Amino acid sequence: MAAKIKLTPKQTQVLVGSVVLVGALGFVYFKYFWQPISERIATAKAGIEEVEGKIGKAKAMAARLPQIQREIVVLNEQAADAEKRLPKTKDVPAVIDTVAGLARKHRVDLANFTPGAQAAKQYFIEVPYQITASGSFHDIGRFFSAMALEERIFSVRNVTVGGLGSREGTINVTFALIAYQYKG
């Protein structure tokens with residue numbers, strides 16, 4: 001049972017005014033205090049999440065850094081090894097020293113060493129040298145084998161066996177020695 005309360009017009013005005021004032025104060029509080037602070041909090045939370053994401057990525061990359069550094073060391077070693085096998089320069093003195101050293105080691109006499117015209121291929125340049133040598137058949141074979149096993153890449157082409165050499169048991173051989181140079 002609801003009790004009927006009788007309000008005077010003055011009390012009704014005060015009650016309605018109070019409700020309107022509380023509503024107006026609530027609107028002002030929401031519009032000028034609650035809503036801007038809520039937006040700033042939401043923006044700050046989004047910024048924090050973005051920064052935390054970047055921190056997570058940075059930590060993951062930092063964790064991979066030692067592995068990447070090891071890979072770089074290995075790749076640099078491989079590049080240095082490849083540079084020895086396929087140098088970027090012609091380096092004729094090194095070729096002459098290598099060939100002369102192997103010839104002495106395998107008792108092969110070099111009579112002629114003539115550089116030829118370079119031939120460019122897709123990834124490398126062939127640098128030919130026309131060589132005339134003499135030695136025993138087996139010494140020449142060991143010399144060719146040693147050239148093939150050298151650190152720098154060489155190949156022997158167009159081998160022509162001439163006549164007998166100036167020493168007994170030797171033969172004269174003419175061949176093209178191809179040294180390779182990196183084109184990059």
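Annotation: residue 86 fulfils all but one of (1) loosely packed, with under 10 Cβ neighbours inside 10 Å; (2) in contact (Cβ under 8 Å) with a residue 24 or more places away in the chain; the unmet one is (1). On inspection, residue 99 passes the criterion of being closer than 30 Å to residue 146 by Cα and either in contact with a His (Cβ under 6 Å, 6 or more places away or on another chain) or assigned by TED's automatic domain parsing to the domain that holds residue 146 (or both). Anything in the range 168-180 that is surrounded by fewer than 19 Cβ atoms within 10 Å (Cβ to Cβ) and either assigned to a strand (DSSP E or B) or of a type in the set (Asp, Glu) (or both)? List them, or say none. Within the range 168-180, 168, 171, 172, 174, 176, 178, 180 qualify. Of 64, 85, 104, all but one fail to be at pLDDT 85 or above and closer than 30 Å to residue 133 by Cα; the exception is 104. Checking the stated criteria, residue 74 turns out not to satisfy the condition of being closer than 30 Å to residue 154 by Cα, of a type in the set (A, V, I, L, M, F, W, C) and either in contact (Cβ under 8 Å) with a residue 12 or more places away in the chain or assigned by TED's automatic domain parsing to the domain that holds residue 116 (or both). Elements of the type strands (runs of 3 or more DSSP E) sitting completely within the range 96-167 and holding at least 3 residues that are among the hydrophobic types (A, V, I, L, M, F, W, C) and within 39 Å of the chain's Cα centre (by Cα): these cover 124-135.
The values are calculated or read from the model by the stated rules, or taken from the named source; none is laboratory data. Note that this is a predicted model, so its numbers are computed, not measured. Quick reminder, even Gly has a Cβ in these numbers, built from the backbone with ideal geometry, and neighbours come from all protein chains shown.
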